[in-house]
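The values are calculated or read from the model by the stated rules, or taken from the named source; none is laboratory data. Everything numeric here is computed off the predicted structure, so don't read it as measured data. Cβ placement follows ideal geometry from the backbone for every residue including glycine, while neighbour counts extend to all protein chains displayed.
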Ligand SMILES: [Zn+2]
């Protein structure tokens, strides 16, 4: 156990900085961005040329340097909001619609610059996107509304060594060496709208991963265990580097290749169908289910991805009776959502990307035998498809047209069976491109 001189130094520097509440990990920004850049295909590295090193050294910090680096500040600003020099949403997550709009805006700017072969501007906008991904996935940006952990410290009272110190900077500051040597960046979309939306969901994974590191880091800081602090910081940084690699790769793909070329590539074809069972609905505000979103039937609980909870206690695989050539048979699903009565799950959709939604709606083949449930799909509040399914029937294949739909809602209501048996499952919920 060694003292942590660097952490304390960073903490005291942060007090003098203009906006310490949102300044995130400095050196780790560079370490994460460089690790991601390292994994780009050779042709993309060549295209970036001398901008490649600058992206890792400097551009990934543009949103933190808007008051000192005036020349590059515009790359972290929105054209129609000239007075908003410091855009908080580039550092701290808000809710999905605002996050998506910010991601879409800067991703669009980076792609447009790359398309017009302005690599200098493209790289600077890419730096802003790197920063946003890295800040959202930073261990000290994980508590909604408690960026300085003043609430969390009431749950985890500080040790003598950390008493009266703000935790934000110590939680994330360090000198990290990040590498993702075996990672192949993934294409997130063939258009800006699709890529931004997919990137948002990818960033959600980064936020959840970072949340798992925050308390271990704080506990290690309390006992001055620098090694453990760094181990958990690296867990967050390594995950973030993969998301940054996906984002940069995707921007350069969309910016340099035709939509048709991308659509027909194996990666483009793989994006035709998108399962959404693991995505967070809007009801899981800040990526957790608040108590107001709980249901009381078939048990007291909240929606789950991939499992059904028998009596709210025991996780079981998702199983439905489905039609087959030889009659109804039981099938297990890895992709699906179990949910309760009287509640909806709402998914924000990217504009103009998906044309259809398909799902199998039914009651769990063992737990739901005596239940009867109405399954409804709505688009922007308008019902698009509905089915009443009883526990003895096979699951219904529901589908709807998504033209012009920006919010897809899945709703369940009891239809008079045994309410304790209403174990409803949305299996294989999938968005389809034309
Ligand atoms: Zn920041």
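Listed by first and then second residue, the pairs linking a residue in segment 81-93 that is more than 24 Å from residue 208 (Cβ to Cβ) to a residue that is within 11 Å of the ligand (Cβ to nearest atom), with Cβ atoms under 6 Å apart and 6 or more places separating them unless they lie on different chains, are 85/66; 86/66.
Filtering segment 103-134 to residues that are surrounded by fewer than 24 Cβ atoms within 10 Å (Cβ to Cβ) and either within 14 Å of the ligand (Cβ to nearest atom) or part of a loop (DSSP other than H, G, I, E, B) (or both) leaves 116, 117, 118. Is it the case that residue 191 is out of contact with any strand residue (DSSP E or B) (no Cβ under 6 Å at 6 or more places or on another chain), surrounded by fewer than 21 Cβ atoms within 10 Å (Cβ to Cβ) and not assigned by TED's automatic domain parsing to the domain that holds residue 353? Spelling it out, residue 191 is indeed out of contact with any strand residue (DSSP E or B) (no Cβ under 6 Å at 6 or more places or on another chain), surrounded by fewer than 21 Cβ atoms within 10 Å (Cβ to Cβ) and not assigned by TED's automatic domain parsing to the domain that holds residue 353.
List the pairs whose first member sits in segment 225-246 and is not assigned by TED's automatic domain parsing to the domain that holds residue 213, whose second member is at pLDDT below 95, and whose Cβ atoms are under 6 Å apart, counting only residues at least 6 apart or on separate chains? Short answer, once both residue conditions are applied: none. For segment 287-314, the set of residues classified as within 18 Å of the chain's Cα centre (by Cα), surrounded by 15 or more Cβ atoms within 10 Å (Cβ to Cβ) and more than 25 Å from residue 432 (Cα to Cα) consists of 289 only. Candidates are the residues of segment 22-52 that are in a loop (DSSP other than H, G, I, E, B) and within 13 Å of the ligand (Cβ to nearest atom); the one that is surrounded by the most Cβ atoms within 10 Å (Cβ to Cβ) is 25.
Quick one: which of 139, 181 is at pLDDT 95 or above and within 16 Å of the ligand (Cβ to nearest atom)? The unique qualifying residue is 139.
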